[in-house]
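**Student:** Before anything else, here's the structure in question.
The values are calculated or read from the model by the stated rules, or taken from the named source; none is laboratory data. Keep in mind that what you see is a predicted model, and the values were worked out from it rather than measured. Please note: Cβ atoms are built from the backbone with ideal geometry, for glycine as well, and neighbour counts cover all protein chains shown.
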Amino acid sequence: MSELLLRLGAYRLLTVELVLASFFVNLLSLASSIYVIQIFNRYISYGVDATLFTLTTGVCLALFFEFSFQRVRLNLAELVGKERNQQLISSTFNNLTRIKASALQRLSFFQRQEIIQSPDIIAEAYCAANLTTILDVPFIVLFLIALFFISPLLGLITIFFIAGLFIFSIINQRHLRSNLSTLNELSNKTKNISHIVNQDIDTIRLFEQNQNTRKLFEQKSKDLQLIKAKIASLQNLTQTIMKSAQALLGIAIYATGANLAVHGELDIGMLIGANILALRTLSPITRFVQLGEIFAKAEQALERLQRFALLETERDGGSALTNFSGSVIFKDVAFTYTDAHTPIFESLNLEIPAGTVLVVTGGNSSGKTTLVRLIAGLLEPTRGQILVDGLILQQLAPNWWRSQLCYLPQNANFLPGTIRDNLLNTNARLDDAQLNTLITEAEFAEFIDKSPDGINTLIINNGDQLTFGQRRRFALVRALASYGKLVLFDEPTEGLDKKGCHAIYKLLINLSREGRTLVVFSQDPQIIQGAPLILDLDIKPAPRLVHNNPVAKQ
């Protein structure tokens with residue numbers, strides 16, 4: 001209930017109004033019980049029609065005001081949670097964009113999806129209707145007081161039932177939390193297998209001859225169905241107990257009340273009114289208990305967000321150089337992924353002077369992408385330092401540093417929005433003339449000219465409407481858009497035709513002539529041949545320069 005207190009505590013005046021509205025809603029709901037008692041004791045006994053008219057008019061007015069306060073209360077309850085819900089959504093997204101890449105990599109795709117969905121789960125649990133249900137629980141005291149006025153014995157019977165339901169609620173919550181935790185774990189494992197199969201169905205068909213993946217999936221699916229059945233059984237048990245409790249309370253009230261009536265301690269009107277009050281007292285408790293699952297899910301969602309928020313984030317601030325020359329130095333740098341037994345590389349000592357060209361070669365899994373991410377500041381060395389114009393890279397402001405990079409990834413992904421949006425996200429200062437120049441340099445103009453919306457073409461599903469070559473050219477435009485001093489190109493000619501490769505060669509020459517520092521990760525012989533510095537990552541464990549040709553720089 002800490003989340004409930006947090007929401008209510010954030011809006012104290014609004015909370016006071018909400019509590020007052022709840023008080024009047026519950027107070028006015030007493031009218032129906034009083035009406036029944038008065039009908040039996042006054043109208044039926046004396047038969048005065050004016051009494052019937054007065055009582056009926058009064059109870060109708062009470063119902064009208066109760067309805068009005070209900071509407072006011074729901075509106076207030078929506079206001080209480082609105083800002084908190086947005087806060088959870090915003091903070092979750094901000095954490096997702098600020099937490100270090102190395103920490104995020106330890107979470108599976110579906111774990112990250114769960115985290116993203118957690119604010120919605122919490123918002124659903126603390127919606128206006130559920131919030132008012134919680135606020136109704138303390139006001140059962142009003143009905144108990146009224147019931148004790150009619151008969152202390154009937155009041156005690158009702159308290160006994162309420163206590164029993166509270167105990168059941170606590171036990172039920174514990175079982176639900178345990179089972180929901182197991183459900184999430186099994187669900188993630190099953191989804192992960194399905195996701196892998198869905199991504200590459202041909203691999204399953206060609207190489208799954210022993211059907212191990214199918215057996216694993218079937219076993220996890222069976223376990224998942226079992227835990228779902230267990231949770232469903234708990235839900236059914238809860239509903240059955242709630243209905244049975246209401247029925248048993250009615251029986252207990254009538255049986256005890258009838259005995260009191262026979263002995264002259266209670267009349268019929270009070271007996272019927274007492275039954276209405278007793279059931280009305282039990283009603284908020286039964287509704288609250290039935291919300292057990294949704295509150296258990298919300299509690300788990302909150303715990304996920306709290307654990308997520310504790311992960312190490314990138315710095316908000318840091319140093320920024322007035323004029324970055326483009327030099328980068330590696331001093332005894334080593335990197336090992338978490339839980340890995342061997343390092344990707346170690347004892348890397350390398351100086352990349354400003355304005356030079358370094359080509360990094362190496363086979364698959366040699367560490368090319370890792371090195372790119374280290375230079376970009378997405379990962380931090382396990383040991384050693386990366387110096388940028390003499391400053392330690394980790395001391396620089398991440399946003400400033402990344403604005404100094406022209407980064408072309410091997411597999412480009414794009415942000416939601418148009419082509420223009422993606423380019424302006426990289427550099428908001430670009431005008432139309434600069435955009436057109438960059439598009440021409442990357443030979444992306446043909447696609448822009450043929451597209452009905454041109455540069456305002458909407459990127460759909462991460463750019464699925466683009467061919468491989470178009471994606472590469474678009475990614476190249478985005479890289480150039482930063483006008484960064486340090487150029488990081490990861491396999492720039494991979495998958496391109498002869499014309500596309502020549503465009504890349506020409507661009508690299510132009511960038512070098514502009515005095516930019518180029519770090520190109522490539523196996524392309526043409527690129528390797530023209531590089532003054534070559535780093536071979538296949539030399540393990542400590543990669544080193546294998547070629548230094550000053551003439552090539554010219």
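**Student:** What are the residues in the stretch 455-471 that are surrounded by 11 or more Cβ atoms within 10 Å (Cβ to Cβ) and among the charged types (D, E, K, R), if any?
**Tutor:** 471
So that you can scan it fast, the table gives a plain yes or no per residue for (1) touching a Gly at 6+ places or on another chain (Cβ under 8 Å); (2) touching a residue at least 12 places away in the same chain (Cβ under 8 Å):
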{"position": "235", "(1), (2)": "no, yes"}
{"position": "255", "(1), (2)": "no, no"}
{"position": "279", "(1), (2)": "yes, yes"}
{"position": "286", "(1), (2)": "no, yes"}
{"position": "292", "(1), (2)": "no, yes"}
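**Student:** Is it the case that the stretch 69-89 has a residue that's within 30 Å of residue 338 (Cβ to Cβ), in the same structural domain as residue 224 (by TED's automatic domain parsing) and either at pLDDT below 85 or surrounded by 14 or more Cβ atoms within 10 Å (Cβ to Cβ) (or both)? Even if it seems obvious, please write down each step before you answer.
**Tutor:** Our first condition is that a residue be within 30 Å of residue 338 (Cβ to Cβ); within the stretch 69-89, this holds for 88-89.
Then keep just the ones that are in the same structural domain as residue 224 (by TED's automatic domain parsing); that gives 88-89.
Now narrow it down to the ones that are either at pLDDT below 85 or surrounded by 14 or more Cβ atoms within 10 Å (Cβ to Cβ) (or both): 88-89.
Yes; the residues of the stretch 69-89 include at least one that is within 30 Å of residue 338 (Cβ to Cβ), in the same structural domain as residue 224 (by TED's automatic domain parsing) and either at pLDDT below 85 or surrounded by 14 or more Cβ atoms within 10 Å (Cβ to Cβ) (or both).
**Student:** Of the residues 511, 486, which single one is more than 40 Å from the chain's Cα centre (by Cα) and modelled with pLDDT of 90 or more? Quick ask: steps written out before the conclusion?
**Tutor:** On the way: 486 fails: more than 40 Å from the chain's Cα centre (by Cα).
Sole residue among the options that is more than 40 Å from the chain's Cα centre (by Cα) and modelled with pLDDT of 90 or more: 511.
**Student:** Shifting gears a bit: Between 299, 303, 312, which is surrounded by fewer than 17 Cβ atoms within 10 Å (Cβ to Cβ) and under 30 Å from residue 168 (Cβ atoms)?
**Tutor:** Details: 299 fails: surrounded by fewer than 17 Cβ atoms within 10 Å (Cβ to Cβ); 312 fails: under 30 Å from residue 168 (Cβ atoms).
That would be 303, the only listed residue that is surrounded by fewer than 17 Cβ atoms within 10 Å (Cβ to Cβ) and under 30 Å from residue 168 (Cβ atoms).
**Student:** Based on what the data block shows, is residue 478 charged (D, E, K, R), farther than 28 Å from residue 324 by Cβ and crowded, with 16+ Cβ neighbours inside 10 Å? Before the answer, list the steps.
**Tutor:** Values: charged (D, E, K, R): yes; farther than 28 Å from residue 324 by Cβ: no; crowded, with 16+ Cβ neighbours inside 10 Å: yes.
So residue 478 fails the test.
**Student:** Being closer than 30 Å to residue 272 by Cα and either at pLDDT below 85 or assigned by TED's automatic domain parsing to the domain that holds residue 278 (or both) is true for just one of 207, 160. Which residue is that?
**Tutor:** One residue alone meets the criteria, 160.
**Student:** Could you tell me whether the stretch 468-480 includes any residue that is among the hydrophobic types (A, V, I, L, M, F, W, C), free of Cβ contacts under 8 Å to residues at least 60 places away in the same chain and assigned by TED's automatic domain parsing to the domain that holds residue 361? Walk me through how you get there before you give the answer.
**Tutor:** At the first step, the residues of the stretch 468-480 found to be among the hydrophobic types (A, V, I, L, M, F, W, C) are 468, 474-477, 479-480.
Next, only the ones that are free of Cβ contacts under 8 Å to residues at least 60 places away in the same chain stay: 468, 477.
Adding the requirement that they be assigned by TED's automatic domain parsing to the domain that holds residue 361 leaves 468, 477.
Yes, because at least one residue in the stretch 468-480 is among the hydrophobic types (A, V, I, L, M, F, W, C), free of Cβ contacts under 8 Å to residues at least 60 places away in the same chain and assigned by TED's automatic domain parsing to the domain that holds residue 361.
**Student:** Exactly one of these conditions fails for residue 327: (1) of a type outside the set (A, V, I, L, M); (2) within 22 Å of residue 98 (Cβ to Cβ); (3) in contact (Cβ under 8 Å) with a residue 60 or more places away in the chain. Give me its number.
**Tutor:** The failed condition is (2).
**Student:** Taking the condition out of contact with any Pro (no Cβ under 8 Å at 6 or more places or on another chain), surrounded by fewer than 20 Cβ atoms within 10 Å (Cβ to Cβ), modelled with pLDDT of 90 or more and not assigned by TED's automatic domain parsing to the domain that holds residue 173, does residue 332 pass?
**Tutor:** Details: out of contact with any Pro (no Cβ under 8 Å at 6 or more places or on another chain): yes; surrounded by fewer than 20 Cβ atoms within 10 Å (Cβ to Cβ): yes; modelled with pLDDT of 90 or more: yes; not assigned by TED's automatic domain parsing to the domain that holds residue 173: yes.
In short, yes.
**Student:** Ok, one more. Taking strands (runs of 3 or more DSSP E) that fall entirely within the stretch 314-421, which contain at least 1 residues that are of a type in the set (Val, Ile, Thr)?
**Tutor:** On the way: elements: 328-335, 345-352, 357-361, 383-388, 405-408.
Once the strands (runs of 3 or more DSSP E) in the stretch 314-421 are filtered for at least 1 residues that are of a type in the set (Val, Ile, Thr), what remains is 328-335, 345-352, 357-361, 383-388.
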